[in-house]
Amino acid sequence: MKSYIKTTAGFVLSATMATASYGATVNVGELQGFTGPLESMIGAMSGGANLAVTESNDSGNYLQGTIVVHQGDSVCIDAAVAIAEAERLINDENVMAIMGPNCSGNTGAVITNVLVPNGVVAISPSATSPALSTLEDGGWFFRTSPSDARQGQVLADIAMSRGQSDMAVTYTNNDYGKGLADAFASAYEAVGGTITVMSGHEDDKADYSADVAALSAGGSSTLAVLGYADTGGKGIIAASEDTGAFTDYVFADGMISTTTSGAIGDGSWGTLPAPSGALAANWLSVAEAGGVDGTGAYSAESYDAMALIILASQAAGSTDRAAIQAEVMNVANAPGRQCSAGGLGDCLKWISGGLVVDYVGATGVEFTAVGEGKGSYAEKEVIGGAFTTVASHQ
């Protein structure tokens, strides 16, 4: 995968750039799983991405014109559909870059078959498979979410701190689920945890009772579900609740949904990449003012992914795809004047004035050498039938 070093040369813009291209239309893609296993999460994510666009357009400080979002439905679980939609956005809608995709398997397929051959940047808010860190992407792919190699460690540490020293583990049988399960198992066992049974499950089955019976045979009362809230994970929980096979659950990000919290009792918990402290408070305020559910999974990361595309275009002084790629790391990382969620208008103005910026955004954006978020995690517990943040983990 690519390795980046921030430079400042791209920020010295000529005075002639300080005039917006009034009347021009600038196309950007939003490739998300509007239908499929993450459907219940996408509303907040799309809201976050489009809030960044609205904020930029309303400021009047984006110099290339008025940004128009073209949406594509990746359906998340069908790589052929995701590839076709990405190609449509690039070839028919002439987008300068793509915010998305979501699911790791689809994302890998889009990187290899579309982004690299066409030379187009995509910034995913939620594709978390560790395998994407080493995929040969030609420098065209970034993600504002951290790798699941980190989430696995966070899950393991929290579980042990809660006294959960043994559990069964089920994961959706794809790149995301397998990568996360392997990372969690390694970390959990390293800190003294015992996995009684670990097995994959297929999504969209009619009956998960056999899966749950096999998982419960190991004797643990705790089940870790590393899957999707609107498909296989939902089915696993339903079968478990019907039989009373498990008394509590542990979840990763793909399960943090009202679909999940409404199906189980209080006390189960999970992790989700999320800003902490002052960043979290600022994002919630900005999101609420913009009519977006700021508590929604990956809503903040979606805002940041779209904002980075816009700011990179501003820094490039162009909608040229290669020029945008060259500026993503520059605007994402220190050094520079910091700008946060709600401040895109100022950030755009600073860039057009020739200043170096460091986009902190909603989540504290700082990319690793391979272009992915370092991230922090919210520990979310089901309280009163809803996932509630009870702690933050760096």
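Table for the structure above
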quantity	calculated
Sorted by Cβ neighbour density within 10 Å, fewest at the top, the residues W283, W269	W269, W283
Amide H contacts of V357 (H built 1.01 Å from N, under 5 Å, at least 5 apart or other chain)	R337
Span-like helix ranges in the chain, DSSP H, alpha carbon extent 24 angstrom or more, Kyte mean at least 0.5	299-316
Relative exposure of S340, S147, judged by other C-beta atoms within 10 Å (fewest first)	S340, S147
Rg(Cα) / (2.2 N^0.38 Å) computed for region 149-266, rounded to two decimals	0.95
Which labelled figure in (i) 137; (ii) 157; (iii) 116 is volume of the Cα convex hull per residue in Å³, once derived from the coordinates	(iii)
Tail beyond 16 Å, pair distance distribution of region 25-147 (Cα, percent)	58
Rg and Dmax [Cα atoms of region 83-194; Å; Rg one decimal, Dmax integer]	16.7, 54
Built amide H within the under 5 Å cut-off of T66, gap 5+	G23, A24, T25, V26
Within the chain, longest stretch free of exposed trypsin sites (Lys or Arg not before Pro) [DSSP loop, at most 16 other beta carbons within 10 Å]	206-373
Value of [θ]222 nm, deg cm²/dmol, for the chain, DSSP H segments ≥ 4, -39500 (n - 2.57) each, nearest 500	-11500 deg cm²/dmol
Relative contact order for region 149-266, counting Cα pairs under 8 Å that sit 6 or more residues apart, in percent	27
Region 113-125 - phi-based ³J(HN,Hα) in whole Hz, Karplus 6.51/-1.76/1.60, Gly and Pro as x	9, 10, 5, 5, x, 9, x, 10, 6, 10, 10, 8, x
Under-21-angstrom lysine pairs by C-alpha in the chain, whenever the two are 8 or more apart or on separate chains	8
Most mobile of A159, A252, A44 in a GNM of the chain (Cα contacts under 10 Å)	A159
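No value in this document is a laboratory result; all are computed from the given coordinates. Given the structure is predicted, the values throughout are model-derived calculations rather than measurements. Positions of Cβ are generated from backbone atoms using ideal geometry, with glycine treated the same way; all protein chains shown enter the neighbour counts.
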